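Undergrad: Take this structure, written in structure tokens, and hold onto it; I'll ask about it next.
The values are calculated or read from the model by the stated rules, or taken from the named source; none is laboratory data. Please read these numbers as outputs of a predicted model, since none were measured by experiment. Cβ: placed from backbone, ideal geometry, glycine included. Neighbour counts: every protein chain shown. Just the protein is used for accessible areas: all its heavy atoms, side chains included, with ligands, DNA and RNA removed. Shrake-Rupley method; radii C 1.70, N 1.55, O 1.52, S 1.80 Å.
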Amino acid sequence: MFLALARWVYRWRWAIIAAWGALLVVGLLLAPRASSRLKGGFGEVDTESRRALSILERDLGLTPTVHTLVYHSDRLTVDEPVFRQEMQASLRRVEALPAVHRLVSLFNSPSPFLVSADRRTTYALLWMDLSADEGLQRVGAVREAVRTPALETWVTGAAAIFADLNAVSERDLRRAEIITLPIVLIALLVVFGTAVAAALPLMIGVVSLVITLAILYLVSQV
């Protein structure tokens, strides 16, 4: 069977190469668009946790995206004017962001738990009227708005953590590819003995990846 297949492939080799070339050209046009059509892993799955979140959103007005904004200073306390002025300016920038639903801080809440025991750290809670996927995309804008030169600031919470995990995973994947590809190429050269034969599996891998992304883009249209 494989001998017959080999003969057929050899007979129609130029047609097969042309077909793959055409697929590659189409893939190169569509593959870059695939990432814009894909979303994170927060789907509307019918699970108990998803139903519980829906009840919290409907009955209590909670939103899926909640950020914790942390402010700290090694030399200032929350009672000093500089600390309060810097924090208030930061919160005003945050409130000006789109889709802000609610913001709770020491300035509008009597809760003593918003301030640390040494009174050098405090936090605010930011609710945004965004889905979990949209919240991931807005983390950078929130961090930029929170940042202030006089205080150390952090943005944490589920959306921020998942955004950081995504960024770290992408960076590690790129690093792994940079390290792995030369090693694989050297191994293929040792196994096959020629550059053309060694490059062929890599070329097939690249073409397959491009065409797969193009197919994902087409599937995402429906």
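Undergrad: Select, from D79, D46, D74, the only residue that is over 20 Å from N108 (Cβ atoms) and touching a residue at least 40 places away in the same chain (Cβ under 8 Å).
TA: That would be D74, the only listed residue that is over 20 Å from N108 (Cβ atoms) and touching a residue at least 40 places away in the same chain (Cβ under 8 Å).
Undergrad: Another question about this same structure. Looking at E170, E177, E134 in this structure, which one is under 27 Å from the mean Cα position of the chain (by Cα), under 15 Å from V66 (Cβ atoms) and among the acidic types (D, E)?
TA: Residue meeting the stated conditions: E134.
Undergrad: All but one of (1) part of a helix (DSSP H, G or I); (2) under 30 Å from Q221 (Cα atoms) hold for P98; state the number of the condition that does not hold.
TA: (1)
Undergrad: Let me ask something else about it. Could you identify the single residue in D46, D79, D59 that is part of a loop (DSSP other than H, G, I, E, B), acidic (D, E) and open to solvent by 90 Å² or more (accessible area, probe 1.4 Å)?
TA: So the residue among D46, D79, D59 that is part of a loop (DSSP other than H, G, I, E, B), acidic (D, E) and open to solvent by 90 Å² or more (accessible area, probe 1.4 Å) is D46.
Undergrad: Here's a follow-up. Among the candidates I161, I211, which residue alone is out of contact with any strand residue (DSSP E or B) (no Cβ under 6 Å at 6 or more places or on another chain), among the β-branched types (V, I, T), farther than 30 Å from L76 by Cα and part of a helix (DSSP H, G or I)?
TA: I211
Undergrad: Of the numbered conditions (1) open to solvent by 90 Å² or more (accessible area, probe 1.4 Å); (2) of a type in the set (V, I, T); (3) farther than 22 Å from S36 by Cα, T194 fails exactly one; give the number of that condition.
TA: Condition (1) is where T194 drops out.
Undergrad: While we're on this one: Could you go through the range 24-37 and let me know if any residue there is loosely packed, with under 14 Cβ neighbours inside 10 Å, among the hydroxyl-bearing types (S, T, Y) and not in a loop (DSSP other than H, G, I, E, B).
TA: yes
Undergrad: If you don't mind, there's one more thing I want to ask. Mind listing whichever residues of the range 118-153 are surrounded by 16 or more Cβ atoms within 10 Å (Cβ to Cβ) and assigned to a strand (DSSP E or B)?
TA: Within the range 118-153, T121, T122, Y123, A124, L126, W127, M128, T153 meet the criteria.
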